[in-house]
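K.L.:
Here you go, one structure.
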Amino acid sequence: MNNRKTDILIIGAGPSGTVAASMLRQKGYEVTIVEKQKFPRFVIGESLLPRCMDNLELAGFLPALMKAGFQKKQGAKFIAGSESRIYDFSLQFTEGWKWTWQVQRDRFDNILAEEVQKAGVKIRFEAGVTDVKFAAKEHVVTEITHADGEKEHIESRFIIDASGYGRVLPKMLKIEEPSNFPSRCALFAHVENIEFQDPKEPNHILILSHSKNMWGWVIPFSNTRASVGIVGNEEDVMVAGDNFLESYTYWHAHFDPMKSRLKNAKILFPPRKISGYGGSVSKKFGPGFAIAGNSAELVDPVFSSGATYATESGVLVAKLVDKELTGEKVDWQVEYADYLDRGNRVFKTFVSNWYNGDLQKIIYTKQNNDDIKRQICSILAGYVWDESNPIVKKHERAIPALAQILGNEKNLPWEL
Ligand code: FAD
């Protein structure tokens, strides 16, 4: 059994973990990431938001990412029956990035992992965190188990859980909380040979409204491939029971906006299903630890907010760990948990009003209201912490009120 020391141990080499690692390394800390899988590895979450770019820039990742040739994303195109609306980030209310990327996450996450290693962060791949003991102040002992079964203990001053769907500390500390949203299911794969209906479609995520409770995505990549998925209640999505391929091809053949674009498409790997992915924690921090990214909270995929939340929390946790380890007092509740919750509440309002139909009434309105559109664009771009945006400031009341004003015509192919 080996023992070694590091200043900060991070669980997971996804965007949350690598952003935090890079920021802490910039401050001179010795940082070790323990990552259960071998990279590159598949993970869902391929459509970024412009707000991510601020965080990726702070972490020093942009030069390497700029060279990678990922598909540029300039906005979201919403499609319902024969109606479509484009929300272009260039219109947005908030000063900030007007574009981002659509990325195959195996490549994207691998670039981030390579960059932090170049900066001196050590990554233990194919090693899972199997136990964590909080021995004393600034003394955490983490047990990791390698693929061959060998165990190792790493002592650190602080531990950050960025384990995504693994939710390592939330499970160990029994602080997991269920999502407030009903459990939904996503069935997805990568495809090639899509027939786009206008040359600008590849620069957007396509969000395909099927009904209040069901929607699909097409996320074009730069190499003529795309990620395509369908989301809804499990019994509605899995029309052929547990036959994933048959259920998936059913949607390609029967859901109009998919049908027209995917009739000659080739599916590149057997479709995968993920369900019950939402979740939260009762606390995001404690003595010697903090939880970041998906491990702390995953709301819903409809507005692609996951990687933004992951990188936002990665940047912030790194700043606060540095502050604490240099002897300054940190109010983790106010400076970390409350801040993250404030932005995530805006995403949650958008999600709940998407599924109750109000937000779809606003998105598909035929009325022109440039100010409202700019404010909505900013939220779709991930600038949910900008309280100078009137919709951010009053999101809970604004969306139902705007739906009343803007949604009084029949805009959609189904009753809202
Ligand atoms: P991850 O990227 O999941 O990384 C966590 C890492 O921790 C993994 O590599 C894992 O192997 C490792 N790990 C787990 N357990 C252990 C352990 N015991 N020991 C060591 N390592 C461990 N987000 C978007 O931004 N855009 C989208 O378009 C989008 N679409 C989505 C669609 C669906 C259907 C779903 C369910 C989610 C979607 N998301 C999307 C969310 C996105 O997947 C996540 O928010 C994002 O990956 C979170 O990043 P992270 O760094 O927190 O975790």
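K.L.:
On a 0 to 90 degree scale, rounded to 10, what angle separates helix 244-254 from the longest Cα axis of the chain?
P.N.:
Computed tilt is about 30 degrees.
K.L.:
I would also like to ask the following. Report, in debye and to the nearest 20, how large the dipole of the range 185-275 comes out about its Cα centre when Lys and Arg carry +1 and Asp and Glu carry -1 on their Cβ. Walk me through the numbers before you get to the answer.
P.N.:
On the way: 9 positive and 10 negative charges, 48 e Å.
In total the dipole reaches around 240 debye.
K.L.:
A further question on this structure: Let me have the relative contact order for the range 245-395, percent, based on Cα pairs under 8 Å that are six or more residues apart.
P.N.:
Here the relative contact order equals 15 percent.
K.L.:
I'd like the orientation of helix 370-380 relative to the chain: the angle between its Cα long axis and the longest Cα principal axis, in ° from 0 to 90, rounded to 10.
P.N.:
Compared with the principal axis, the helix lies near 40 degrees.
K.L.:
Roughly speaking, to the nearest percent, how much of the range 185-275's 1.4 Å accessible area is carbon and sulfur?
P.N.:
Of all accessible area on the range 185-275, carbon and sulfur atoms account for 49 percent.
K.L.:
Okay, next question. For every other residue with a beta carbon closer than 11 angstrom to the beta carbon of Trp251, add +1 if it is Lys or Arg and -1 if Asp or Glu, then tell me the sum.
P.N.:
Working: positive: Lys259; negative: Asp236, Glu246, Asp256.
Combined, the nearby Lys, Arg, Asp and Glu give -2.
K.L.:
Also: Long-range amide H contacts for Trp101: which residues qualify at under 5 Å (H placed 1.01 Å from N, peptide plane, sequence gap of 5 or more or a different chain)?
P.N.:
It is Leu48, Lys73, by chain and number.
K.L.:
Mind checking the dipole of the chain: about its Cα centre, +1 per Lys or Arg Cβ, -1 per Asp or Glu Cβ, Debye to the nearest 20?
P.N.:
Approximately 380 debye in magnitude.
K.L.:
Before I look further, what does the chain give for accessible area per residue, probe 1.4 Å, in whole square angstrom?
P.N.:
Heavy-atom SASA per residue in the chain reads 41 Å².
K.L.:
Within 10 Å of each candidate Cβ there may be at most 12 other Cβ atoms; applying that plus a DSSP loop requirement, which GluC sites (Glu not before Pro) in the range 186-284 survive?
P.N.:
Here the sparse-neighbourhood loop sites are Glu195.
K.L.:
Per-residue HN-Hα couplings for the range 346-352, Karplus 6.51 cos²θ - 1.76 cosθ + 1.60 at θ = phi - 60°, whole Hz, x for Gly and Pro?
P.N.:
After applying 6.51 cos²θ - 1.76 cosθ + 1.60, I find 5, 4, 5, 4, 4, 5, 5 Hz.
K.L.:
So which of Lys212/Lys394; Lys77/Lys284; Lys38/Lys273; Lys27/Lys151; Lys5/Lys36 end up more than 28 Å apart, counting from Cα to Cα?
P.N.:
Long pairs (Cα-Cα over 28 Å): Lys77/Lys284; Lys27/Lys151.
K.L.:
Kirkwood Rh over Cα pairs of the range 181-286 into Stokes-Einstein at 37 °C, 0.692 mPa s: D in µm²/s?
P.N.:
In µm²/s, the coefficient rounds to 226.
K.L.:
HN-Hα J couplings of the range 329-342 from phi, Karplus 6.51/-1.76/1.60, θ = phi - 60°, integer Hz, Gly and Pro as x?
P.N.:
Those phi angles translate into 7, 10, 8, 4, 5, 6, 7, 10, 4, 5, 4, 4, 5, 4 Hz.
K.L.:
Enumerate the calculated ³J(HN,Hα) couplings along the range 287-293 in order (Karplus 6.51 cos²θ - 1.76 cosθ + 1.60, θ = phi - 60°), each rounded to whole Hz, writing x wherever the residue is Gly or Pro.
P.N.:
Whole-Hz 3J(HN,Hα) from phi for the range 287-293: x, x, 9, 8, 10, 10, x.
K.L.:
Another question, if that's okay. Roughly how many whole Å is it from the C-alpha centroid of the range 320-355 to that of the range 37-104?
P.N.:
22
K.L.:
With every atom except the alpha carbons ignored, what do you get for Rg and Dmax of the chain, in angstroms?
P.N.:
Rg, Dmax (Cα atoms, Å): 21.4, 69.
K.L.:
To the nearest 10 degrees, how steeply does helix 105-118 sit against the main Cα axis of the chain, on a 0 to 90 scale?
P.N.:
That works out to roughly 30 degrees.
K.L.:
If you keep only loop residues by DSSP, which trypsin sites (Lys or Arg not before Pro) in the range 191-289 have at most 14 other Cβ atoms within 10 Å of their Cβ?
P.N.:
Lys200, Lys263
The values are calculated or read from the model by the stated rules, or taken from the named source; none is laboratory data. From a predicted model like this one, the values you see are computed outputs, not experimental measurements. Don't worry about glycine lacking a Cβ; one is built from the backbone with ideal geometry, like all the others, and counts go over all protein chains shown. Just the protein is used for accessible areas: all its heavy atoms, side chains included, with ligands, DNA and RNA removed. Shrake-Rupley method; radii C 1.70, N 1.55, O 1.52, S 1.80 Å.
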